[in-house]
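This report refers to the structure that appears directly beneath it.
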Amino acid sequence: MDPLSITASTITLIQAAGAVSSALYEFVATFRNADTRVASLCTQLSRLIRFLEAVDRTLRKCRGPLSLASMDEDLWRQSALSLEDCKITLEELAIFINRIKAAAKSPGLFRRARVALDLTMYAGDITGFEEKIHKSNWALQTMLSAIQSMTLTNARSSSLSLRGNETQDKILYELGRLKSSIEQSIQASFHHSDGFSHTLEDPSDARVAYNLQKLARAAQNFHSSASSTASTRESSSTIYGANGISFWNVQSDAAMSIRGGPSLTPNKRQQIDRFVKQQRRMTLRRQRKPLQHVPSSAAASVVRPCTPEPALAVSSEESQETESNMSEMADDNDEGDDEAEFQSFLLSGLEEVAKDSMLNQEFAKAQAMLEEAIQRRTGSTSEDAEFKQLQIQLATCYFFQHKWQLAEPLIDSIAKSKANFDPVVCNLLHALAIANVVEKRFEKAIAVCKQALQGKRRLKRDFGDTSEKECNETLGLLATIHDLHGNRLDAEALRRKLSNGFSYCHPENELEFIVSHPKLCTEVF
């Protein structure tokens, strides 16, 4: 692909990104809490538009026939692929926004609740779009740095009047920026923060990451060529700044990997891990082979600990039988390990299907998957973090189906131990208290709400895991329950402890509380 085609693609992407950005900001302005959930996505989208405009401006300035002559075909081709990735991401994001907006326009009393639920349940998709656009931004930054470096290098070689130190410094400065962009692009291609999509689970993210790596490699090859062309003070493996200080010393992949340098990428680390595990298996197999005879001279050199009684001599047949038994035991252990590994693999599949079913609002299917996963973990308790998480997910699934009576024993079981208390458990207790209020079970509602409040206050005091607003929400609920139960004095006393300026708004039911909470569903799933 040539520069004119890149320019045309860039203009198209600017228009598409502008349309998506307008739709996103319109949606944020319409619905409460939407801004907090898509703020980072809006930021990445704004950066994308700025980078696209910068690339477009730079290409328009390169009007001379030799301005971009040294940029090889591979770099243009990888640039085109990265722009195509950007185009696909914007198209997918536009479809996603339209789907949420369509749900928002549907009639009904719970229209806003449905929108809040969609934003909560699809938080992973929102973050996935954020990461893919983040990768596209680094691709554009790398393209921009390469184009600027190329323009200066070609201008210097085509005009004798530009052979001064000033132009040399500019070239080295742009090459330094290109080098930095390459490094950052490689890091971005492997980057997965807490909420970000996972490359192995998201094929489109895997494609974007792969093409970003290829673009970085092509840019690295261009950088090496441009560095050789530029006036360096020593060999082409080192680039020097104007003050003679080296700022990038190129080493081979092998050398840098052995030293644990920047080329020790996550993929290479995985290869090393696989190699180490393979070596361990080979070691175990060797240990199962019959022991070889040790020469007496070697045996004499070994210092043995004193034993209370001498060991009885063992015949050769007995030794072989013992070794055979040990080998069989080792094989049995391997089979047990394989079965445990398979069961863990199967459980992971059940949990993933349950999560996808929740995202698609197929709650009955999610319930069946989670119940099966819990049943397969026979003997586990709520002290087991993974088992506790399954219980929390199942309880939340029950809430979404208005089956809070089934969620109640699960939450009560988890809340028996103070060690299990975290913001999620406290908020599920809060939801359970609301469910009891709706059924006019005030005594139970008060007991459960007190558990939630005490847990939140303890988390805030000891760990800072809960905000003042969270504590106020549960305190306001407790005051409301006392008020409905006829305990006017207790209700007034509790309201007196609310923070100045805080106003409690009581939800219609437990489900409205869950879907309107800004973090609960994303922390559960």
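The values are calculated or read from the model by the stated rules, or taken from the named source; none is laboratory data. Remember, it's a predicted structure, so these values are computed and weren't measured experimentally. Here the Cβ is made from the backbone with ideal geometry for all residues, glycine too, and neighbour counts use every protein chain on show. These accessible areas exclude ligands, DNA and RNA; they are computed on the full protein's heavy atoms, side chains included. Shrake-Rupley method; radii C 1.70, N 1.55, O 1.52, S 1.80 Å.
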query: Restricting the search to segment 480-516, which residues are aliphatic (A, V, I, L, M) and open to solvent by 20 Å² or more (accessible area, probe 1.4 Å)?
result: L484, L489, A493, L494, L498, L511
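Got a sec? Which of L59, L24, L93 is crowded, with 16+ Cβ neighbours inside 10 Å, at pLDDT 80 or above and touching a Pro at 6+ places or on another chain (Cβ under 7 Å)?
L59
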- prompt: Would you say K450 is at pLDDT below 95, farther than 19 Å from S503 by Cβ and surrounded by 15 or more Cβ atoms within 10 Å (Cβ to Cβ)?
  reply: no
- prompt: What residue, among those in segment 454-470 that are surrounded by fewer than 22 Cβ atoms within 10 Å (Cβ to Cβ) and in contact with a Ser or Thr (Cβ under 9 Å, 6 or more places away or on another chain), is nearest to P507 (Cα to Cα)?
  reply: K469
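Based on this model, can you work out whether R99 counts as at pLDDT below 85 and open to solvent by 20 Å² or more (accessible area, probe 1.4 Å)?
Numbers: at pLDDT below 85: yes; open to solvent by 20 Å² or more (accessible area, probe 1.4 Å): yes.
The answer is yes for R99.
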- prompt: With (1) of a type outside the set (A, V, I, L, M); (2) modelled with pLDDT under 75; (3) assigned to a helix (DSSP H, G or I) as the list, and G195 as the residue in question, which single condition is left unmet?
  reply: (3)
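Picking from L140, L144, L152, which residue would you name as being at pLDDT below 85, in a helix (DSSP H, G or I) and closer than 26 Å to R50 by Cα?
Numbers: L140 fails: at pLDDT below 85; L144 fails: at pLDDT below 85.
Selected residue: L152, the only one of L140, L144, L152 that is at pLDDT below 85, in a helix (DSSP H, G or I) and closer than 26 Å to R50 by Cα.
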task: Quickly run through segment 207-229 and pick out the residues that are at pLDDT below 80 and either open to solvent by less than 10 Å² (accessible area, probe 1.4 Å) or out of contact with any Ser or Thr (no Cβ under 7 Å at 6 or more places or on another chain) (or both).
output: S225, A226, S227
- request: Scan segment 338-373 for residues that are under 13 Å from L394 (Cα atoms) and loosely packed, with under 12 Cβ neighbours inside 10 Å and report the count.
  value: 1
message: Consider segment 340-398. How many of its residues are without any contact (Cβ under 8 Å) to a residue 60 or more places away in the chain and outside any helix (DSSP H, G or I)?
response: 10
query: Are any of the residues in segment 408-430 more than 18 Å from T396 (Cβ to Cβ), surrounded by 18 or more Cβ atoms within 10 Å (Cβ to Cβ) and touching a helix residue (DSSP H, G or I) at 6+ places or on another chain (Cβ under 6 Å)?
result: no
query: Residue check: is L477 without any contact (Cβ under 8 Å) to a residue 40 or more places away in the chain, open to solvent by less than 40 Å² (accessible area, probe 1.4 Å) and not polar (S, T, N, Q)?
result: no
